[in-house]
1. Can you find a residue in the range 110-122 that is in contact (Cβ under 8 Å) with a residue 24 or more places away in the chain, near the ligand (Cβ under 8 Å from one of its atoms) and surrounded by 17 or more Cβ atoms within 10 Å (Cβ to Cβ)?
2. Would you confirm whether or not the range 87-102 contains a residue that is within 24 Å of residue 217 (Cα to Cα) and either touching a residue at least 24 places away in the same chain (Cβ under 8 Å) or not in a helix (DSSP H, G or I) (or both)?
3. When you scan the range 21-49, how many residues do you find that are within 18 Å of residue 113 (Cβ to Cβ) and over 17 Å from the mean Cα position of the chain (by Cα)?
4. Looking only at residues in the range 58-86 that are of a type in the set (D, E, K, R) and outside any helix (DSSP H, G or I), which one is farthest from residue 109 (Cα to Cα)?
5. What are the pairs, 6+ residues apart or on separate chains, where a residue within the range 1-26 that is within 15 Å of residue 182 (Cα to Cα) and among the hydrophobic types (A, V, I, L, M, F, W, C) has its Cβ under 8 Å from a residue that is in a helix (DSSP H, G or I) and modelled with pLDDT of 85 or more?
6. Taking residue 68, is it aromatic (Phe, Trp, Tyr), in contact (Cβ under 8 Å) with a residue 60 or more places away in the chain and touching a strand residue (DSSP E or B) at 6+ places or on another chain (Cβ under 7 Å)?
7. Which numbered condition trips up residue 50, out of (1) touching an Asp or Glu at 6+ places or on another chain (Cβ under 6 Å); (2) in contact (Cβ under 8 Å) with a residue 12 or more places away in the chain?
8. Starting from residues that are under 10 Å from residue 82 (Cα atoms) and out of contact with any Cys (no Cβ under 8 Å at 6 or more places or on another chain), keep the ones in the range 97-107 and report whichever is surrounded by the most Cβ atoms within 10 Å (Cβ to Cβ).
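The values are calculated or read from the model by the stated rules, or taken from the named source; none is laboratory data. Everything quoted here is computed from the prediction, not taken from an experiment. Cβ placement follows ideal geometry from the backbone for every residue including glycine, while neighbour counts extend to all protein chains displayed.
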Amino acid sequence: MAEVDLLRSLPHTERDVQRRAEGKDETVVAIAKQFGEMYWDGPRQYGYGGYRYDGRWRPVARDIIAHFGLRPGMRILDVGCGKGFLVKDLMLECSGLDAFGLDISLYALTHCEKEVVGRLHLGSADKLPFPDRSFDCVLSINTVHNFSRPRAVQAMQEIQRVSGGRAFVQVDSYLTPEQKEIFESWVLTAEFHDYPEGWLKLFRESGYTGDYYWTIIE
Ligand SMILES: C[S@@+](CC[C@H](N)C(=O)[O-])C[C@H]1O[C@@H](n2cnc3c(N)ncnc32)[C@H](O)[C@@H]1O
């Protein structure tokens, strides 16, 4: 396992933490957790506030390809792929790479980029509908924290099972009590979150041997 910031080239997202905290209540959280239209393309209070393809994942795709030495003919899976932007960009950056995605959001999958139609599966990260070691690489970015701890363990076991350990997972975390407080006022959908030591304990318990990094809101 190695800590590696594979999202380092993603542009910094401006977050109005105070506005989110003020607009957040049980109803907003419940709607966000449906991962439907409001989460993706509704007001910012409910999630992304309009998520459209703009190519920002292309340099990330390039870094992922280099990090894992991916080549044409290899198979890669993005667990929690949303609208499939990274799946599309992985194929743009490495022609012949066989890229797939899986997500629980029917709305995201039915609003995907045309290049990934037929490549995105509807399902849950804790029960992946694929054989053991069926991918050369598995990614899961900002998704596993949407489970309770026991189901997050199952999701990590599933990622390990289908990847054989050649994988990258990024999850919500914080390094200081101040960052934890900011995170808690921002968060809508995450059910389990912890300091890196807590996540590393969970990864070890799951038998996960892949790479990882943290999403930290500052
Ligand atoms: C913060 S978004 C991240 C999307 C994308 N990976 C990215 O980084 O832009 C969280 C994603 O997790 C998906 N998700 C939530 N629960 C899930 C589950 N049980 N199984 C698979 N995907 C899930 C959501 O639909 C959404 O696409």
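1. So in the range 110-122, the residues in contact (Cβ under 8 Å) with a residue 24 or more places away in the chain come out as 111-113, 115-116, 119-120.
Retained after the next criterion (residues that are near the ligand (Cβ under 8 Å from one of its atoms)): none.
No, the conditions are met nowhere in the range 110-122.
2. So the first thing to find is which residues in the range 87-102 are within 24 Å of residue 217 (Cα to Cα), and the list is none.
No, because not a single residue in the range 87-102 is within 24 Å of residue 217 (Cα to Cα) and either touching a residue at least 24 places away in the same chain (Cβ under 8 Å) or not in a helix (DSSP H, G or I) (or both).
3. So the count comes out to 2.
4. Applying the first criterion (of a type in the set (D, E, K, R)) to the range 58-86 yields 58, 62-63, 71, 75, 78, 83.
Now narrow it down to the ones that are outside any helix (DSSP H, G or I): 71, 75, 78, 83.
Details: 71: 26, 75: 19, 78: 13, 83: 6 Å.
Checking each candidate, the answer is 71.
5. Filtered contacts from the range 1-26: 17/182; 17/185; 17/186; 21/185; 21/186.
6. Details: aromatic (Phe, Trp, Tyr): yes; in contact (Cβ under 8 Å) with a residue 60 or more places away in the chain: yes; touching a strand residue (DSSP E or B) at 6+ places or on another chain (Cβ under 7 Å): yes.
Spelling it out, residue 68 is indeed aromatic (Phe, Trp, Tyr), in contact (Cβ under 8 Å) with a residue 60 or more places away in the chain and touching a strand residue (DSSP E or B) at 6+ places or on another chain (Cβ under 7 Å).
7. Unmet condition: (2).
8. Start the filter on the range 97-107 by keeping residues that are under 10 Å from residue 82 (Cα atoms), which leaves 101-107.
Narrowing the set further to residues that are out of contact with any Cys (no Cβ under 8 Å at 6 or more places or on another chain) leaves 104-107.
Numbers: 104: 16, 105: 20, 106: 12, 107: 17.
The extreme case among them is 105.
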